[in-house]
Amino acid sequence: MIQDLSNGGIKMVDVYSAVKAQQLFWIERIKHADKQGWFQILQYYLKKNGGLFVFNCNYSLKMLNFDIPQFYKNILQCWDSLNVRNREDNTKFQIIWNNKQLKVTRDIIFFRKLFLKRIVFFNDILTEGCTLRRLDEMKRLFDLNANDYFRLQGVYSALLKTKFSKISYTDSFKNAAISNVILPVELVQLNKIKSKHFYDLLVAEKYERPVSTFRLQNRYHVSDKELVLARSSILLNTIDVKYREFQFKVLNDILNLNYKLYKMKVITSPLCSFCNAEIETIEHLFWNCPFTQLFWNQLGKELTMFDFSLLTEKM
Ligand SMILES: [Zn+2]
């Protein structure tokens, strides 16, 4: 119901997603809020976990265990549950710190000193063969001392307990990840982000193919493209609300015809109300029934008088 017409819905407002979208829209405000007073409060609470960097991590609110106001907790919660952030190729699975998969004695890890030395991604600490880089290499790349390296060994042994992959990122991407919130690809491409865009993402996540899709595709071998065209044409064919509603019901097979009412045990026979010979389905009632055929034939004849013809071969 909340999907677009072309996807078989009627574009109803999903209140739950609308509220969530308003909360998520704060991410966009946070991204551009450098010098504003309220932003300093948020920075203060997130400081011990890396500031805005937290938003890019595979965090768990429970494990972060910080005493942050409920308002920001809600935002972090919504952000964490956004499915586009949970794709396997997402950056968040590549970040070492505040990662709920990576635990040392039940807590998630954030070593500020190593973070400030720009150790962020798995790629930063791993060799080509996915073993921990040697101390001399880490010394050269990140200016680490033996003590820091010892800490990294703990991180690495936690990493070995998880399924991990290793992607390399450019320096500019790393800078962005350290200092600000990285948005999903779907939003990065936009010039100006509005709460509607977050809403669209949330609604798209809830998409389920309408049951009628299988019926139409199996019975009439309709392609996905033709189906989208038929569904979107509901608004183009008529401006009458009743006719639109009727067309929507036919396409989604939700007209209460006899075969359906019989299944619901509302009536005692599924047979056609006119011919009483066959089961009253959409196809029978609007095309195969002898009474309907009579109607179409007569209508066809009438229309030829005005130079119109019915596309009978397609019906
Ligand atoms: Zn009939």
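Listed here are the residues, each with its yes/no results for (1) touching a helix residue (DSSP H, G or I) at 6+ places or on another chain (Cβ under 7 Å); (2) within 26 Å of Leu46 (Cα to Cα).
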position: Thr127; (1), (2): no, no
position: Arg133; (1), (2): yes, no
position: Glu137; (1), (2): no, no
position: Leu141; (1), (2): no, no
position: Leu144; (1), (2): yes, yes
position: Ser157; (1), (2): no, no
position: Lys163; (1), (2): no, no
position: Leu183; (1), (2): no, yes
position: Lys194; (1), (2): no, yes
*So which of Leu255, Leu235 ends up being in a helix (DSSP H, G or I) and among the aliphatic types (A, V, I, L, M)?*
Leu235
*Under the condition of being of a type in the set (Val, Ile, Thr) and surrounded by 15 or more Cβ atoms within 10 Å (Cβ to Cβ), which residue from segment 176-214 is farthest from Asn56 (Cα to Cα)?*
Thr213
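Counting only residues that are more than 16 Å from the ligand (Cβ to nearest atom) and polar (S, T, N, Q), which one in segment 278-310 is nearest to the chain's Cα centre (by Cα)?
Taking segment 278-310 as the starting set, the residues that turn out to be more than 16 Å from the ligand (Cβ to nearest atom) are 298-310.
Now restrict to residues that are polar (S, T, N, Q): 298, 304, 309.
Values: Gln298: 50, Thr304: 50, Ser309: 45 Å.
So, considering only residues that are more than 16 Å from the ligand (Cβ to nearest atom) and polar (S, T, N, Q), the one nearest to the chain's Cα centre (by Cα) is Ser309.
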*Which residues, counting only those in segment 70-103, are surrounded by fewer than 13 Cβ atoms within 10 Å (Cβ to Cβ) and farther than 26 Å from Tyr16 by Cα?*
Asp89
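May I ask you to list the residues in segment 168-201 that are basic (Lys, Arg) and touching a residue at least 60 places away in the same chain (Cβ under 8 Å)?
Our first condition is that a residue be basic (Lys, Arg); within segment 168-201, this holds for 174, 192, 194, 196.
Once the filter is applied, which keeps residues that are basic (Lys, Arg) and touching a residue at least 60 places away in the same chain (Cβ under 8 Å), segment 168-201 yields Lys194, Lys196.
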*State the number of residues belonging to segment 221-276 that are within 16 Å of the ligand (Cβ to nearest atom) and in contact (Cβ under 8 Å) with a residue 12 or more places away in the chain.*
10
*asked:* If Ser273 satisfies all but one of (1) modelled with pLDDT under 90; (2) of a type in the set (Gly, Ala, Ser); (3) under 28 Å from Phe214 (Cβ atoms), what's the number of the condition it fails?
replied: (1)
*Counting just the residues of segment 130-144 that are assigned to a loop (DSSP other than H, G, I, E, B) and over 34 Å from the mean Cα position of the chain (by Cα), which one comes out surrounded by the most Cβ atoms within 10 Å (Cβ to Cβ)?*
Leu144
*Any idea how many residues of segment 170-197 are more than 24 Å from the chain's Cα centre (by Cα), closer than 16 Å to Ile95 by Cβ and either polar (S, T, N, Q) or in a loop (DSSP other than H, G, I, E, B) (or both)?*
3
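Pull up segment 60-112, narrow it to residues that are within 19 Å of the chain's Cα centre (by Cα) and aromatic (Phe, Trp, Tyr), then point me to the one that is modelled with the lowest pLDDT. Even if it seems obvious, please write down each step before you answer.
Restricting attention to segment 60-112, the residues satisfying the condition of being within 19 Å of the chain's Cα centre (by Cα) are 74-93.
So of that shortlist, the ones also aromatic (Phe, Trp, Tyr) come out as 79, 93.
Details: Trp79: 92, Phe93: 89.
Step by step, filter segment 60-112, then rank; the result is Phe93.
Kindly indicate whether Ile167 is over 26 Å from Arg29 (Cα atoms), within 25 Å of the chain's Cα centre (by Cα) and part of a loop (DSSP other than H, G, I, E, B). Even if it seems obvious, please write down each step before you answer.
On the way: over 26 Å from Arg29 (Cα atoms): yes; within 25 Å of the chain's Cα centre (by Cα): yes; part of a loop (DSSP other than H, G, I, E, B): yes.
Taking the combined requirement at face value, the residue satisfies it.
The values are calculated or read from the model by the stated rules, or taken from the named source; none is laboratory data. Model, not experiment: these values are computed from the prediction. For neighbour counting, all protein chains shown are included, and Cβ atoms are generated from backbone atoms with ideal geometry for every residue, glycine included.
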